[in-house]
Amino acid sequence: MKEKPGVMLYFDRLPYLNRMDDAQRGKLFLYIMEYAQYGVIPEVADPMLGMAWDVVKPAIDLDTERYEAKCEKNAESARKRWEKDADANACERIPNTKTKRTQKQKQTHTQKQSQNAEEKLRLAEEGMRAWREKRARMETEP
């Protein structure tokens, strides 16, 4: 299983953080990161930090369990997809998730492309006409 990419921090923990000073918040943040990544359980002497840690730790544990369960479910789904058609090559086993356009969507898209092309042509013709008129004026001026 791949390593967990991070840890969730929840807004409902903000009241605990507001009661702490910056040094306590910094320590708690390090405790969270080290526990979530390496499983290091901190030795907490400060009662305020201890209270906050007792609230945060179970949430980290629950999130880790959920992440591992999701990874296992995804791995099992991938195994099933690959085993589904043993004769297919890798590209044939990967499902096509792109949605196909309906006939109406194709028609609308074609109409828009046609309108855009007509508009570009009209603008180009106007530009050429204006350029020719300007050139003609310049040739007739002394």
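Taking interchain pairs and intrachain pairs at least six residues apart, which have beta carbon atoms under 7 angstrom, with the first residue in region 58-86 and under 21 Å from GLU34 (Cα atoms) and touching a residue at least 40 places away in the same chain (Cβ under 8 Å) and the second hydroxyl-bearing (Ser, Thr, Tyr) and surrounded by fewer than 12 Cβ atoms within 10 Å (Cβ to Cβ)?
If the second residue must be hydroxyl-bearing (Ser, Thr, Tyr) and surrounded by fewer than 12 Cβ atoms within 10 Å (Cβ to Cβ), the pairs left are ALA59/TYR10.
Which helices (runs of 4 or more DSSP H) does region 1-112 wholly contain that include 1 or more residues that are modelled with pLDDT of 90 or more and surrounded by 11 or more Cβ atoms within 10 Å (Cβ to Cβ)?
On the way: elements: 14-18, 22-38, 47-84, 90-93.
Per the criteria, 14-18, 22-38, 47-84.
The values are calculated or read from the model by the stated rules, or taken from the named source; none is laboratory data. Everything numeric in this text was worked out from a predicted model, so none of it was measured. Reconstructed Cβ throughout: ideal geometry from the backbone, glycine too, with neighbour counts over all protein chains shown.
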